[in-house]
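Colleague: Here you go, one structure.
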Amino acid sequence: MKYFTTVNDIANPMGLVKEALTIKKNPHAFPNLGKHKTLGLIFLNPSLRTRLSAQKAALNLGMNVMVMNIDKEGWALELEDGAVMNGSTVEHVKDAAAVMGTYCDVIGIRCFPGLIDKKADYSEKILVQFMHHCKIPVISLESATLHPLQSLADLMTIQEKKKTAKPKVVLSWAPHIKALPQAVPNSFAEWMCKADVDFVIAQPEGYELCEDYTCKARIVYNQEEALEGADFVYLKNWSSYKEYGKVLPVKDNWLMNNEKHKLTNKAYIMHCLPVRRNVEVPDELLDGKHSLILQQAENRLYAAQAVLKSILEKNYTANKAELVAEGED
Ligand code: SN0
């Protein structure tokens, strides 16, 4: 694995889930695997869990870490090829990425969508340019369209908590005050398609996700119908894909609550965080006994560690003998 940007970069997604769960039992089993290797974390948008879990994961593997909030601390980046840079942009992404590629051994990058130009966002303009120009392995820390580290942690959490071989998992649209990316739901759908689950997406009309990701999902437009017998309910807002980036008017009340929870099979409640409490999900569910939000967040660490471990093993095997020997000291 050179890249971790979509579930399709992984030969065996359930194998990676298993590996992450094994790491969770003994996170310090490979303290030298990443010795003398540097992880560069580049943020064009805010982050709490991703930033800290990726740093901690790298440290657990003996890596060095550099973090750059490039949107605030770097030069204004130019993304257009052939641009005459006589305006506000100062440095071309091809130069910035190439330079960082010489300082780092693995790069992680967070780049949200603009939610204005669907084609630009869905072509992953920034991520793809970084991958092309930095020449080293790249991990998505949430791109314009996907958030694979989150989905890996979510699948780990479902794996840990499920009580039946094939649980019913409902991804339900939730209200919000602003337009949010489709990355988390796209990604969750993509990973659910690789898992042995009965997967349902509940959403208001107009909120259909890009079909590239929702292949195996049953789409339901009535939230209460979808909740019937659910084992896991993943609540998340996203903006419209069809009417790109818009917040469309919704007539029914899509805010989940304890009353609606009674329709489920004592479902666990999931959310990737950050959550707008009592707008997207009420306190009674987030703080209730079925909430998995902290477990999901904790699993982000082991998800990141499994991905980094796999990238180090696959791409830096020349040093492997030396690293293993040092680990045995
Ligand atoms: C991001 C999203 O993709 O929905 C990150 C989730 C991991 N969330 C937000 O941007 C929330 C912003 C807000 O104002 O609530």
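The values are calculated or read from the model by the stated rules, or taken from the named source; none is laboratory data. If you're wondering where the values come from, they're calculated on a predicted model, not measured in any experiment. Neighbour counts run over all protein chains shown; Cβ positions are idealised from the backbone, glycine included. All accessible areas refer to the heavy atoms of the entire protein, side chains included, with ligands and DNA or RNA removed. Shrake-Rupley method; radii C 1.70, N 1.55, O 1.52, S 1.80 Å.
Colleague: State whether one or more residues within the stretch 191-205 are assigned to a helix (DSSP H, G or I) and either of a type in the set (D, E, K, R) or modelled with pLDDT of 95 or more (or both).
Modeller: yes
Colleague: Kindly indicate which of P148, P167 is open to solvent by less than 10 Å² (accessible area, probe 1.4 Å), modelled with pLDDT of 95 or more and over 20 Å from the mean Cα position of the chain (by Cα).
Modeller: Values: P148 fails: over 20 Å from the mean Cα position of the chain (by Cα).
One residue alone meets the criteria, P167.
Colleague: Same structure again: Would you check if E160 is assigned to a helix (DSSP H, G or I), surrounded by fewer than 21 Cβ atoms within 10 Å (Cβ to Cβ) and in contact (Cβ under 8 Å) with a residue 12 or more places away in the chain?
Modeller: yes
Colleague: Given (1) within 15 Å of the ligand (Cβ to nearest atom); (2) open to solvent by less than 10 Å² (accessible area, probe 1.4 Å); (3) not charged (D, E, K, R), where does P113 come up short, assuming only one miss?
Modeller: (2)
Colleague: Ok, one more. Pairs, please: C-beta under 6 Å, at least 6 apart or cross-chain, first residue under 20 Å from L21 (Cα atoms) and in the stretch 276-305, second open to solvent by 30 Å² or more (accessible area, probe 1.4 Å) and in a helix (DSSP H, G or I)?
Modeller: Close Cβ pairs (under 6 Å, with a partner that is open to solvent by 30 Å² or more (accessible area, probe 1.4 Å) and in a helix (DSSP H, G or I)) amount to A297/R49; R300/R49; L301/K56; Y302/K24.
Colleague: So, in the stretch 246-279, how many residues would count as being within 19 Å of the chain's Cα centre (by Cα) and within 15 Å of the ligand (Cβ to nearest atom)?
Modeller: The total comes to 7.
Colleague: Quick check: anything in the stretch 181-189 closer than 22 Å to K260 by Cα and within 15 Å of the chain's Cα centre (by Cα)? Don't jump to the end; show me each part of the working.
Modeller: Restricting attention to the stretch 181-189, the residues satisfying the condition of being closer than 22 Å to K260 by Cα are 185.
Now drop any that are not within 15 Å of the chain's Cα centre (by Cα), which leaves 185.
Checked against the condition, which is being closer than 22 Å to K260 by Cα and within 15 Å of the chain's Cα centre (by Cα), the stretch 181-189 yields at least one hit.
Colleague: Then there is this: Search the stretch 110-122 for residues that are over 15 Å from T5 (Cα atoms) and pair each with any residue that is open to solvent by 30 Å² or more (accessible area, probe 1.4 Å) and of a type in the set (A, V, I, L, M, F, W, C) when their beta-carbon atoms are under 6 Å apart and the residues are at least 6 apart or on different chains.
Modeller: From the stretch 110-122, the pairs are L115/A179.
Colleague: A179 passes all but one of (1) in a loop (DSSP other than H, G, I, E, B); (2) open to solvent by 10 Å² or more (accessible area, probe 1.4 Å); (3) out of contact with any Leu (no Cβ under 6 Å at 6 or more places or on another chain); which number fails?
Modeller: Going through the list (1) in a loop (DSSP other than H, G, I, E, B); (2) open to solvent by 10 Å² or more (accessible area, probe 1.4 Å); (3) out of contact with any Leu (no Cβ under 6 Å at 6 or more places or on another chain), A179 breaks only (3).
Colleague: Ok, one more. Which ones in the stretch 2-22 are open to solvent by less than 40 Å² (accessible area, probe 1.4 Å) and either in a loop (DSSP other than H, G, I, E, B) or among the hydroxyl-bearing types (S, T, Y) (or both)? Break it down into steps so the answer makes sense when it comes.
Modeller: Within the stretch 2-22, the first condition is being open to solvent by less than 40 Å² (accessible area, probe 1.4 Å), and the residues that meet it are 4-7, 10, 13, 15-17, 20-21.
Correct list: T5, T6, I10.
Colleague: Among the residues in the stretch 293-300, are any over 22 Å from the mean Cα position of the chain (by Cα) and under 30 Å from K118 (Cβ atoms)?
Modeller: Going through the stretch 293-300, the residues over 22 Å from the mean Cα position of the chain (by Cα) turn out to be none.
No, the stretch 293-300 contains no residue that is over 22 Å from the mean Cα position of the chain (by Cα) and under 30 Å from K118 (Cβ atoms).
Colleague: Quick one: would you say K289 is exposed (fewer than 15 other Cβ atoms within 10 Å of the Cβ) and either at pLDDT 95 or above or within 16 Å of the ligand (Cβ to nearest atom) (or both)?
Modeller: Yes, satisfied.
Colleague: Here's a follow-up. Of all residues being part of a helix (DSSP H, G or I) and open to solvent by 50 Å² or more (accessible area, probe 1.4 Å) in the stretch 254-286, which is farthest from G34 (Cα to Cα)? Just the residue, please.
Modeller: Just the residues of the stretch 254-286 that are part of a helix (DSSP H, G or I), to begin with: 258-261, 283-286.
Adding the requirement that they be open to solvent by 50 Å² or more (accessible area, probe 1.4 Å) leaves 258-259, 283-284.
Working: N258: 46, E259: 49, D283: 40, E284: 42 Å.
In this case the residue turns out to be E259.
Colleague: (1) surrounded by 16 or more Cβ atoms within 10 Å (Cβ to Cβ); (2) in contact (Cβ under 8 Å) with a residue 60 or more places away in the chain: which one isn't true of A96, the others all being true?
Modeller: (2)
Colleague: Mind listing just one residue for me: the one in the stretch 212-245 that is among the aliphatic types (A, V, I, L, M) and part of a loop (DSSP other than H, G, I, E, B) and, of those, farthest from H147 (Cα to Cα)? Write out each step before concluding.
Modeller: Taking the stretch 212-245 and keeping what is among the aliphatic types (A, V, I, L, M), we get 217, 219-220, 226-227, 230, 233, 235.
Okay, now just the ones that are also part of a loop (DSSP other than H, G, I, E, B), so 217, 230.
Numbers: A217: 18, A230: 24 Å.
Once the filter is applied, the top-ranked residue is A230.
Colleague: Working only within the stretch 221-243, note down all residues that are within 15 Å of P204 (Cα to Cα) and open to solvent by less than 70 Å² (accessible area, probe 1.4 Å).
Modeller: Q223, A226, L227, L235, K236, N237, W238, S239, S240, Y241
Colleague: I've got another one for you. Quick one: in the stretch 175-190, which of the residues that are touching a His at 6+ places or on another chain (Cβ under 8 Å) and among the small types (G, A, S) is nearest to the ligand (Cβ to nearest atom)?
Modeller: Restricting to residues being touching a His at 6+ places or on another chain (Cβ under 8 Å) and among the small types (G, A, S), the top hit is A183.
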